[in-house]
2 protein chains.
Amino acid sequence: MTVTDSSPIRNGVDTAALFATLDAVKGQPEIAKFQFRATNRWISGTHNRGTINEYYGAGQEHVRPQDFTYHADHPPVLVGGDNGPTPAEYLLHALAACLTAGLANVAAARGIELTEVHSTVEGDIDLLGILGLDDTVRNGYEQIRVSFVVKGNAPPDKLREVVEQSRRRSAVFDVVTNSVPVTIDVTTA
Amino acid sequence: MTVTDSSPIRNGVDTAALFATLDAVKGQPEIAKFQFRATNRWISGTHNRGTINEYYGAGQEHVRPQDFTYHADHPPVLVGGDNGPTPAEYLLHALAACLTAGLANVAAARGIELTEVHSTVEGDIDLLGILGLDDTVRNGYEQIRVSFVVKGNAPPDKLREVVEQSRRRSAVFDVVTNSVPVTIDVTTA
């Protein structure tokens, strides 16, 4: 591990801590079990507010010093008030953010210094599905395209391999491209 | 449509506009084709910032008066700086927001006045997957549970049916429980 020893902080990633974390999990695999959570409160119409804070992981509950709160809504063209992005847009944001975080970690682990990473995600959706007007049209995105611009001190093929490895280990990419079982419970009292 | 005519605004939903939108799409189905987008810029380490604004829909490009920007990061226990939620948490937020928006629309269309809607989403994830330590463990959530509390002027079974109809027509629920093809392009110059 000469590369990591000579410069433990790379791309803002503490590679020494990253490798120490991997070693810790190898020795105690049960600390890798996490549970993430989000809560949501309806405000009016399609406008609602989500809150993210507590999570379980590394064997204990974690409470952040502050809540992260995010408004969601539909735009006026969909009879909403534009008080926040649509939920479907938050999903595209989650995908870009996950791939980007992984990319920085992978590059750091491989000794590659990144200078710039930005991306655009586009999702095509035909609302005939969610409007209930055509049962042959799905509710969600038909296709999602991610376009990355990645610059750093490595040849193009090495930078592409970093993106590919991030894709291969992305939690959100996995959720979007494979299915996850979802249960919904309702309390009315 | 006596119900909607007698009280066009219900749950903050302009039901007259909602039904007019449905009629417009029935007459011109191509206006239902939308494209949503998110952009992302890497900041440092696992910290990055997403921006949501422009989208295409109803036959034209739309630019909102302001960008919506959202920071994402990993928590310290995952060698991040907690500058925002994890991408995987944004995904849970998107799911709750989508089901909640749909629920308000469905209730309004059915003449049900809601008084309170809140929810919690939990996602179980074993990081042995994304850490590359066990190839039998998936990268994403193994299971997601949504718990709704719904109150309004309808019997429990009618309120449950509203949630069920929202689930049946949710874009994000569809994406999470079914797969979407995702392509990733990389530019390195």
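Please give the number of the condition A:Asn40 fails out of (1) more than 7 Å from chain B (Cβ to nearest Cβ); (2) closer than 30 Å to B:Ala20 by Cβ; (3) polar (S, T, N, Q); (4) in a strand (DSSP E or B).
(1)
Residues of region A:20-37 being assigned to a helix (DSSP H, G or I) and within 22 Å of B:Gly123 (Cβ to Cβ), which ones?
Within region A:20-37, A:Thr21, A:Val25, A:Pro29, A:Glu30, A:Ile31, A:Ala32 meet the criteria.
Given the condition basic (Lys, Arg), free of Cβ contacts under 8 Å to residues at least 40 places away in the same chain and under 30 Å from B:Val149 (Cβ atoms), answer yes or no: does some residue in region A:141-155 qualify?
no
Can you tell me which condition A:Arg167 does not meet? The list is (1) farther than 30 Å from B:Pro156 by Cβ; (2) part of a loop (DSSP other than H, G, I, E, B), and all the others hold.
(2)
Looking at (1) touching a residue at least 60 places away in the same chain (Cβ under 8 Å); (2) part of a loop (DSSP other than H, G, I, E, B); (3) surrounded by 23 or more Cβ atoms within 10 Å (Cβ to Cβ), find the lone condition where A:Pro85 falls short.
Just one mismatch for A:Pro85, condition (1).
When you check A:His93 against the structure, is it farther than 26 Å from B:Leu22 by Cβ, facing chain B (nearest Cβ under 7 Å) and surrounded by fewer than 24 Cβ atoms within 10 Å (Cβ to Cβ), yes or no?
no
Quick note: the coordinates plus some simple rules give every number you see, no bench work behind them. Please read these numbers as outputs of a predicted model, since none were measured by experiment. Reconstructed Cβ throughout: ideal geometry from the backbone, glycine too, with neighbour counts over all protein chains shown.
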